[in-house]
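Each remark here refers to the structure printed beneath this line.
The values are calculated or read from the model by the stated rules, or taken from the named source; none is laboratory data. Note that the structure is a prediction, hence the values are computed from the model and not measured. Methodologically, a virtual Cβ is constructed for each residue, glycine included, from the backbone with ideal geometry; neighbour enumeration extends over all protein chains shown.
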């Protein structure tokens, strides 16, 4: 039996959409960081039971995000059919319901654009760096896309730079224009030891420290967005 998700179809056109991917984040690390109070902001966005174990539709960034942008988001790690929030129309789909926002397009990014949304990609890992044809495939789905070394995997301030850029872009877009903003957070990707003083190799503990850094950066970003009446109210 299908779950009863958020009614995404009813929200398209009336709400902005923020799509955040925490690249390479491990479930066990996220769960422990939440339980120990290291991620208070992210924890405030989660249900009462915290992080939910889910299956990704792809085993690495490129494959997973191709699927994400077709509407195949991670599904609960339990048997059964799990309805989708967003989908590109495809005959015979068993996971689209009356609550699914179904687009007449090859991907949900262009689907949102067809509904009047300004689509923005702020990249993190190499598959979003636009330095090669391969690194341009995913960013090119968007009307506007950005990447820099300061937002990449080797920067100890990557999430802050991503959040600051997002804020600058949003400030230039009229509130009357809906926004689909995607951010690929690179801080969890190796080398995440750069967020732990004196650490020289990646461990679950260094990933947790990187996640705590992301948590602090996004707390500040959410406050600015709420003040600007975007995403948070």
Exactly one of 129, 184 is without any contact (Cβ under 8 Å) to a residue 60 or more places away in the chain and in contact with a helix residue (DSSP H, G or I) (Cβ under 7 Å, 6 or more places away or on another chain), and that residue is 129
Taking region 102-137 and keeping residues part of a strand (DSSP E or B) and within 18 Å of the chain's Cα centre (by Cα) leaves 118, 119, 120, 121, 122
Picked from region 74-101 (must be surrounded by 13 or more Cβ atoms within 10 Å (Cβ to Cβ) and more than 19 Å from the chain's Cα centre (by Cα)), the residue nearest to residue 9 (Cα to Cα) is 99
Going through (1) in contact (Cβ under 8 Å) with a residue 24 or more places away in the chain; (2) surrounded by 17 or more Cβ atoms within 10 Å (Cβ to Cβ); (3) in a loop (DSSP other than H, G, I, E, B) one by one, residue 160 fails only at (3)
(1) surrounded by fewer than 17 Cβ atoms within 10 Å (Cβ to Cβ); (2) touching a strand residue (DSSP E or B) at 6+ places or on another chain (Cβ under 6 Å) all hold for residue 23 apart from (1)
When restricted to 37, 58, 71, 50, the only residue surrounded by 12 or more Cβ atoms within 10 Å (Cβ to Cβ), on the phi > 0 side of the Ramachandran plot and free of Cβ contacts under 8 Å to residues at least 24 places away in the same chain is 50
Here the residues within region 10-20 that are on the phi < 0 side of the Ramachandran plot and surrounded by fewer than 17 Cβ atoms within 10 Å (Cβ to Cβ) are 10, 11, 14, 15, 20
Here the qualifying pairs (Cβ atoms under 7 Å; residues six or more apart or on different chains; first in region 11-31 and without any contact (Cβ under 8 Å) to a residue 60 or more places away in the chain; second assigned to a loop (DSSP other than H, G, I, E, B) and crowded, with 19+ Cβ neighbours inside 10 Å) come out as 27/51; 31/51
Checklist entry - Regarding residue 224, is this residue outside any loop (DSSP other than H, G, I, E, B), at pLDDT below 95 and either in contact with a helix residue (DSSP H, G or I) (Cβ under 9 Å, 6 or more places away or on another chain) or crowded, with 21+ Cβ neighbours inside 10 Å (or both)? => result yes
For region 110-128, the count of residues that are within 20 Å of residue 188 (Cβ to Cβ) and surrounded by 19 or more Cβ atoms within 10 Å (Cβ to Cβ) equals 7
Somewhere in region 164-181, is a residue closer than 12 Å to residue 124 by Cβ, in contact with a helix residue (DSSP H, G or I) (Cβ under 6 Å, 6 or more places away or on another chain) and either outside any helix (DSSP H, G or I) or in contact (Cβ under 8 Å) with a residue 12 or more places away in the chain (or both)? no
Of the candidates 87, 70, the one satisfying the condition of being closer than 19 Å to residue 120 by Cα, modelled with pLDDT of 90 or more and part of a strand (DSSP E or B) is 87
Only unsatisfied item for residue 29, checking (1) closer than 30 Å to residue 191 by Cβ; (2) in contact with a helix residue (DSSP H, G or I) (Cβ under 8 Å, 6 or more places away or on another chain); (3) surrounded by fewer than 20 Cβ atoms within 10 Å (Cβ to Cβ); (4) at pLDDT 95 or above, is (3)
